[in-house]
Structures are given as C-alpha cells and as structure tokens.
Amino acid sequence: MKNLIRPALTLFVVLSVITGVLYPAAITGVAQVVFPDEANGSLIQRQGQVVGSSLIGQSFSGPGYFWGRPSATGPVPNNAAASSGSNYGPQHPALAEAVKARIEAMRVAHPDQAGPVPADLVTSSASGLDPHISPAAAYYQIGRVAKARGLKPEDVQRLVDAHTEYPSWRIFGDRTVNVLKLNMALNAQGRV
C-alpha cells in the first residue's frame, strides 16, 4: 500500500504545480505580451478614468444615447458577476410578453420609425452582457438620438458608420456597433 501512496502523492504534487501554477503563468505571460489589452479586460479609459469595458454592455436610458441590448442579468442590468440568459425557450409565454412590451416601448420612443424593430433591441443575448448591437439597431435609433442632442441625423449616421466594427478578417460573423464606444463619441461632440 505504501508503495502506491508515495508515487501517487508525488504525481499529484508535480501535476498540480504544472497545471495549477506553471501552465497558467505561461499562458498569462504570453497573453500579456501578445494581447495586453484583451488580457486586461479591454478597459476603456477617458481622462485617466476607466469608464467601462468594450466587452461588457452598459445600460443607457437617456434619449440622447444609443441603447444596447436588454440585459438578462438581474436584478442589476449588465452585472458581469451574474452573467446568464433568461433561459426562456422561444415558445415561453414570459419571453413573448417581455418582447412584446419591449417592442411597444421602442415604438413609443421612436415614433418616426414605421419599420420592424430590430430583434437585438428587444431580445437579450445569451450572456446578458452583450456590448454590441447590429448596425440596423443603431440606424433605428438615429432619429431619436439626433433630435435629443440637436444634431443632424446625417452627422449621427456618420458616427454610427465610423463605429461599425467588421468581423474578423471580414468573414467570421456580422458587423456590429459597440454601444459604449459610440456613446462616448457622441459625448465628444459636446452636446448631451
């Protein structure tokens, strides 16, 4: 029995050091050299202060800001410590009611829009933390944002176009707009 315990404990300690210390330290070191921004949370700073992360959505509710996707993290929206979806299936009555209420709220906030409300403005993402919306969702909001800020819709559309991000190598995924970055660009225009 002693002949089995000592090699087992030795192997346990050696593998624990390799997989629990050396490997994570090596990967962290490589990430800090190759992708330092991403390895540190993709933090966005303004005047030396961290205002958010480009990877985690924030709640904007004022009429002069673009709104992101609804957050499924409750009770605090966009809470990274509580990342999760609503877990409602597409036929669940609570999901249907929530989407219906969000559509009505979008219609009230955007009376100038006659077309369909983009799906990403009324449905939460799987993580509940998505910082991006589709360009269609951003275009849908241009009239409201321009009016609230006293800007020309064409100027706001140029900002949206300038902040549209393309997928990796322009082939994997869809174009998106980071809501925090877009709203920061709007604030830089000087009108809120």
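The values are calculated or read from the model by the stated rules, or taken from the named source; none is laboratory data. Bear in mind that the values here come from a model prediction, so they are computed numbers and not experimental data. Quick reminder, even Gly has a Cβ in these numbers, built from the backbone with ideal geometry, and neighbours come from all protein chains shown.
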Given (1) crowded, with 16+ Cβ neighbours inside 10 Å; (2) closer than 18 Å to Phe60 by Cα, identify the lone condition not met by Leu151.
(2)
Within region 165-180, is even one residue of a type in the set (Lys, Arg), surrounded by fewer than 22 Cβ atoms within 10 Å (Cβ to Cβ), touching a strand residue (DSSP E or B) at 6+ places or on another chain (Cβ under 8 Å) and within 19 Å of Ser59 (Cβ to Cβ)?
no
Only residues that are at pLDDT below 90 and either outside any helix (DSSP H, G or I) or under 42 Å from the mean Cα position of the chain (by Cα) (or both): list them for region 1-28, please.
Met1
Flag for Gly20 being assigned by TED's automatic domain parsing to the domain that holds Pro131, surrounded by 10 or more Cβ atoms within 10 Å (Cβ to Cβ) and not basic (Lys, Arg):
no
Output for Cβ contacts, cut-off 6 Å, separation at least six or different chains, first residue surrounded by 10 or more Cβ atoms within 10 Å (Cβ to Cβ) in region 33-50, second at pLDDT 90 or above, reads Ala39/Ala31; Ala39/Gln32
Counting only residues that are among the β-branched types (Val, Ile, Thr), give me the helices (runs of 4 or more DSSP H) lying completely in region 101-192 with at least 2 of them.
135-149, 153-162
Test of understanding: among Gly128, Gly85, Gly89, which residue is at pLDDT below 90 and on the phi > 0 side of the Ramachandran plot?
Gly128
Among (1) closer than 17 Å to Tyr65 by Cβ; (2) of a type in the set (S, T, N, Q); (3) surrounded by fewer than 21 Cβ atoms within 10 Å (Cβ to Cβ); (4) modelled with pLDDT of 90 or more, Gln141 falls short only on (3)
